[in-house]
Amino acid sequence: MSDRIDGVPIGHLDIDGGIVQSADDRATALLGTEPTGTAFAATIHETDRGAIDALLDAELARAVAVDCRPAADDGVEWMRCWLAPAAAGVEAVIVDRTRDHRADVLAEYDSAMAHDLRNPLNVIDGRLELLDASGEHRDAIERSTTGIADRITALRELAAAARPVVGPDLLAVSDLIAEAAARGPITVDIPDTDRHVVGDADRLTAALLELFENAATHGDADCVVVTVEGSTLRVEDDGSGAFDPDRVLDAGYTTDPDRPGYGLTAVDWTARAHGWSVDVAENAGLAVDISIGAPLLA
């Protein structure tokens with residue numbers, strides 16, 4: 001049997017009569033305790049234990065999956081457990097689902113927030129049309145509602161950047177840069193490289209495009225230079241826009257009051273979703289110098 005599901009390491013346990021007969025090191029790490037010789041249900045959080053007990057008591061004809069939490073504090077936050085009939089008892093396969101679960105919660109929150117906030121905005125806009133308001137008061141209200149709507153959109157894009165990467169592809173780095181450059185408002189010096197990266201093409205292109213747009217918007221940059229060295233993709237512009245390198249990746253940080261300040265945060269979260277890191281520094285001209293540490297393949 002494979003030791004991975006969608007690239008994520010999995011743990012194996014053999015269970016007979018509800019008692020764990022054997023468990024590999026990965027299963028022990030996920031559960032946060034050595035389970036061999038104990039009831040498998042006892043290793044599961046009490047809130048989720050009933051579902052596991054019911055499955056172990058049932059005559060399983062096929063593999064059944066359930067999301068649950070381990071009982072031990074040293075275990076993962078959330079995991080998915082598959083229970084399947086075996087020659088002797090039940091075979092269990094478990095995988096860390098913490099990131100997926102958090103993404104699910106974030107997606108639900110994102111959808112609810114967008115719905116709950118956009119409805120009042122629509123009411124305001126509709127009633128504004130009925131009011132005999134004009135001049136600076138009407139303009140101020142319209143600017144405020146438009147600003148809130150823009151921030152809702154930006155927050156939804158930020159939430160999307162945090163999603164786990166599912167089904168990544170082998171991508172040519174030069175193609176990603178060229179695609180983002182073609183959509184951007186600034187000249188990009190595209191490196192001649194044959195390196196590849198494993199990731200989500202749409203999300204990585206969007207992250208690069210954000211870097212290019214940031215250079216065009218927040219400074220007087222004429223060109224963005226992209227270099228690929230070792231395991232690092234570096235994006236540098238020749239502008240002179242002042243910024244705080246220690247805060248520039250923080251959500252809401254902006255030097256432009258008309259922009260919500262989530263763009264570079266989304267770049268950072270996209271990189272983290274791929275298992276990479278982002279570093280920001282000042283060069284001599286106060287231009288943005290961003291390095292993305294990624295496993296670049298020949």
Please find, within region 255-294, the residue that is modelled with the lowest pLDDT out of those that are charged (D, E, K, R) and closer than 20 Å to Val224 by Cβ.
-> Asp289
Just checking, how many residues over region 86-102 are modelled with pLDDT of 85 or more and surrounded by fewer than 15 Cβ atoms within 10 Å (Cβ to Cβ)?
-> 1
Residues of region 52-101 being under 21 Å from the mean Cα position of the chain (by Cα) and either of a type outside the set (S, T, N, Q) or on the phi > 0 side of the Ramachandran plot (or both), in sequence order, are Asp67, Val76, Glu77, Trp78, Met79, Arg80, Val95, Asp96, Arg97, Arg99, Asp100, His101
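Which one of these is surrounded by fewer than 16 Cβ atoms within 10 Å (Cβ to Cβ), without any contact (Cβ under 8 Å) to a residue 40 or more places away in the chain and in contact with a strand residue (DSSP E or B) (Cβ under 8 Å, 6 or more places away or on another chain): Thr36, Thr47, Thr28? Walk me through it before giving the result.
On the way: Thr47 fails: in contact with a strand residue (DSSP E or B) (Cβ under 8 Å, 6 or more places away or on another chain); Thr28 fails: surrounded by fewer than 16 Cβ atoms within 10 Å (Cβ to Cβ).
Answer to the check: Thr36.
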The one condition in (1) in contact with an Asp or Glu (Cβ under 7 Å, 6 or more places away or on another chain); (2) at pLDDT below 80; (3) surrounded by fewer than 18 Cβ atoms within 10 Å (Cβ to Cβ) that Gly239 fails to fulfil = (3)
Restricting region 172-187 to residues that are of a type outside the set (Gly, Ala, Ser) and modelled with pLDDT of 85 or more, which is nearest to Val225 (Cα to Cα)?
-> Ile177
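With modelled with pLDDT of 85 or more and among the aliphatic types (A, V, I, L, M) as the only criterion, which of Ala207, Ala216, Ala149, Ala140 stands out? Walk me through how you get there before you give the answer.
Numbers: Ala216 fails: modelled with pLDDT of 85 or more; Ala149 fails: modelled with pLDDT of 85 or more; Ala140 fails: modelled with pLDDT of 85 or more.
On inspection, the qualifying residue turns out to be Ala207.
Restricting the search to region 16-25, which residues are within 13 Å of Ile94 (Cα to Cα) and surrounded by 16 or more Cβ atoms within 10 Å (Cβ to Cβ)? Explain how you work it out, then say what you get.
Applying the first criterion (within 13 Å of Ile94 (Cα to Cα)) to region 16-25 yields 23-25.
Of everything in region 16-25, just one residue is within 13 Å of Ile94 (Cα to Cα) and surrounded by 16 or more Cβ atoms within 10 Å (Cβ to Cβ), namely Ala23.
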Just a yes or no: is a residue in region 144-162 surrounded by fewer than 12 Cβ atoms within 10 Å (Cβ to Cβ) and out of contact with any Leu (no Cβ under 6 Å at 6 or more places or on another chain)?
-> no
Given (1) among the acidic types (Asp, Glu); (2) closer than 30 Å to Thr28 by Cα; (3) modelled with pLDDT under 80, where does Glu157 come up short, assuming only one miss?
-> (2)
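Would it be correct to say that Glu34 is assigned to a loop (DSSP other than H, G, I, E, B), among the charged types (D, E, K, R) and either touching an Asp or Glu at 6+ places or on another chain (Cβ under 7 Å) or at pLDDT 90 or above (or both)?
Working: assigned to a loop (DSSP other than H, G, I, E, B): yes; among the charged types (D, E, K, R): yes; either touching an Asp or Glu at 6+ places or on another chain (Cβ under 7 Å) or at pLDDT 90 or above (or both): yes.
Against the criterion (assigned to a loop (DSSP other than H, G, I, E, B), among the charged types (D, E, K, R) and either touching an Asp or Glu at 6+ places or on another chain (Cβ under 7 Å) or at pLDDT 90 or above (or both)), Glu34 qualifies.
The values are calculated or read from the model by the stated rules, or taken from the named source; none is laboratory data. None of these values were measured; they are calculated from a predicted model. With ideal geometry, Cβ positions are generated from the backbone for all residues, glycine too; neighbour counts draw on all protein chains shown.
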